[in-house]
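The values are calculated or read from the model by the stated rules, or taken from the named source; none is laboratory data. Everything numeric here is computed off the predicted structure, so don't read it as measured data. As a convention, Cβ positions derive from the backbone with ideal geometry for all residues, glycine included, and neighbour counts pool all protein chains shown. Heads up: the accessible areas ignore ligands, DNA and RNA and are worked out on the full protein's heavy atoms, side chains in. Shrake-Rupley method; radii C 1.70, N 1.55, O 1.52, S 1.80 Å.
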Amino acid sequence: MSVAILGAGAFGTALACALGQVTLWTRDADHARDMADTRENTRRLPGIPLPGEVQITHDLAGIDAQTLLLAMPMQAMRGFLHDHGTVLQDRVLVACSKGVDLDVLLGPVGVIRQNLPDARAALLTGPSFAHDIARGLPTALTLACEDPELGMALQQELSTNALRLYRNTDVTGAELGGALKNVIAIAAGMVIGADMGESARAALMARGYAEMQRLALALGAQADTLAGLSGLGDLILTCGSEKSRNFRYGLALGSGAEFDTTTTVEGAATARAVARLAQEHGIDMPITRMVAAMIEGYLTVTEARDALLARPLTEE
Ligand SMILES: NC(=O)C1=CN([C@@H]2O[C@H](COP(=O)(O)OP(=O)(O)OC[C@H]3O[C@@H](n4cnc5c(N)ncnc54)[C@H](O)[C@@H]3O)[C@@H](O)[C@H]2O)C=CC1
Ligand SMILES: O=C(CO)COP(=O)(O)O
């Protein structure tokens, strides 16, 4: 197997633990040294030993693996591709990020295509907490790739006994499912944080899923993809667990608690990007709009709740 993982955050490190025979790259030389010495990523995935066969590196140009998994936050990806295009352009690039770029309003594969048109791109997404994958717990993810042959090869290359990949050629659907569910997870966290109750959370998840579908179908996605692992599957996981950073961020917003601003919360930037995208396409996404307005400080949680409840009664 010839795989390297670029980005030694929680998810990149978890994938390295699951796959074993890979190279794990970090941009930070001290971090690389620390992981090589301790055989653990104490910064992002503490308590999980790195398998002996995982190679740690800080030298991007020295990586000769053909399949590169990009495991960095969505808003960092465009700059990364721009800075390292010559090293990346002839490889297979599998994006592992969930989100929509705030400036160009594209998902991870869209950003790869825009920056490196000759690269062969795919997406790995779906319901999975880094710790679960790293511990070898059973997990099912979507491997989305427009090229069916490449998709099949990657499915074989990246599946393990515990990590089960399902193929899909609907990249738009998989990208949007993974990006939009984080926004709804923030809203779900707010509902619980503001003590609105679990019935309200269920309503919000269902209506959130309806607006995820409205945008995704308008942008060419297939309904089945949204109903699969990368959409509904990940929505259920992220809206229902305090292990989710997006959900915890929402909890803090809803309850007025402090939140560590260095935490990666993909749904925050994505809510703002998607609110713009929806407006451009004339799609009604009231929950996303409210989340974006609350993050930008234009709306309180109480105002958002009242505005959603005051919407005209309609058909489901
Ligand atoms: N943590 C999880 O359970 C899961 C995360 N993901 C996705 O994976 C992506 C990464 O998330 P995490 O690893 O959890 O985040 P993290 O916050 O744990 O780590 C992010 C990593 O990206 C690196 N990074 C940031 N900017 C960079 C740049 N410009 N160039 C190179 N590296 C850069 C950081 O140094 C850090 O190591 C996100 O899009 C997230 O939604 C997907 C599934 C599960
Ligand atoms: O994407 C994830 C689960 O599938 C991880 O969720 P958080 O980024 O909210 O922690």
Being touching a residue at least 40 places away in the same chain (Cβ under 8 Å) and more than 16 Å from ligand 2 (Cβ to nearest atom) narrows it down to one residue among 235, 215, 226; which is it?
215
When the stretch 213-245 is examined, which residues are found to be open to solvent by less than 10 Å² (accessible area, probe 1.4 Å), part of a helix (DSSP H, G or I) and either touching an Asp or Glu at 6+ places or on another chain (Cβ under 6 Å) or within 16 Å of ligand 1 (Cβ to nearest atom) (or both)?
225, 230, 231, 234, 235, 238, 239
The conditions are (1) open to solvent by less than 50 Å² (accessible area, probe 1.4 Å); (2) within 29 Å of residue 173 (Cβ to Cβ); (3) more than 12 Å from ligand 1 (Cβ to nearest atom), and residue 13 fails exactly one of them. Which is it?
(3)
Unique match (being at pLDDT 95 or above and within 19 Å of the chain's Cα centre (by Cα)) among 272, 305:
272
If we ask which residues in the stretch 159-212 are of a type in the set (Ser, Thr, Tyr) and part of a helix (DSSP H, G or I), their number turns out to be 3
Leading residue by the ranking (farthest from residue 240 (Cα to Cα)) among those in the stretch 128-148 that are away from ligand 1 (no atom under 12 Å from the Cβ) and outside any loop (DSSP other than H, G, I, E, B):
148
Just checking, does the stretch 174-195 include any residue being in contact (Cβ under 8 Å) with a residue 24 or more places away in the chain and over 25 Å from residue 272 (Cα atoms)?
no
Only residues that are open to solvent by 10 Å² or more (accessible area, probe 1.4 Å) and not charged (D, E, K, R): list them for the stretch 143-162, please.
148, 150, 152, 153, 155, 156, 159, 160, 161, 162
Whether any residue in the stretch 22-34 is farther than 25 Å from residue 129 by Cβ, open to solvent by 60 Å² or more (accessible area, probe 1.4 Å), more than 16 Å from ligand 2 (Cβ to nearest atom) and within 21 Å of the chain's Cα centre (by Cα) is what I want to check.
no
Considering only the stretch 188-212, state which residues are of a type in the set (D, E, K, R) and open to solvent by 50 Å² or more (accessible area, probe 1.4 Å).
195, 198, 207
If we keep just the residues of the stretch 71-127 that are of a type in the set (Val, Ile, Thr) and surrounded by 16 or more Cβ atoms within 10 Å (Cβ to Cβ), which is nearest to ligand 1 (Cβ to nearest atom)?
125
Could you tell me which numbered condition residue 264 fails, if it satisfies all but one of (1) part of a helix (DSSP H, G or I); (2) within 11 Å of ligand 2 (Cβ to nearest atom); (3) closer than 21 Å to residue 123 by Cα?
(1)
Considering only the stretch 110-121, I want to know if a residue exists there that is modelled with pLDDT of 95 or more and within 14 Å of ligand 2 (Cβ to nearest atom).
no
Within the stretch 148-161, considering residues that are touching a strand residue (DSSP E or B) at 6+ places or on another chain (Cβ under 7 Å) and touching a residue at least 24 places away in the same chain (Cβ under 8 Å), the one nearest to residue 117 (Cα to Cα)
150
Based on what the data block shows, is residue 66 in contact (Cβ under 8 Å) with a residue 60 or more places away in the chain, open to solvent by 10 Å² or more (accessible area, probe 1.4 Å) and within 28 Å of residue 272 (Cβ to Cβ)?
no
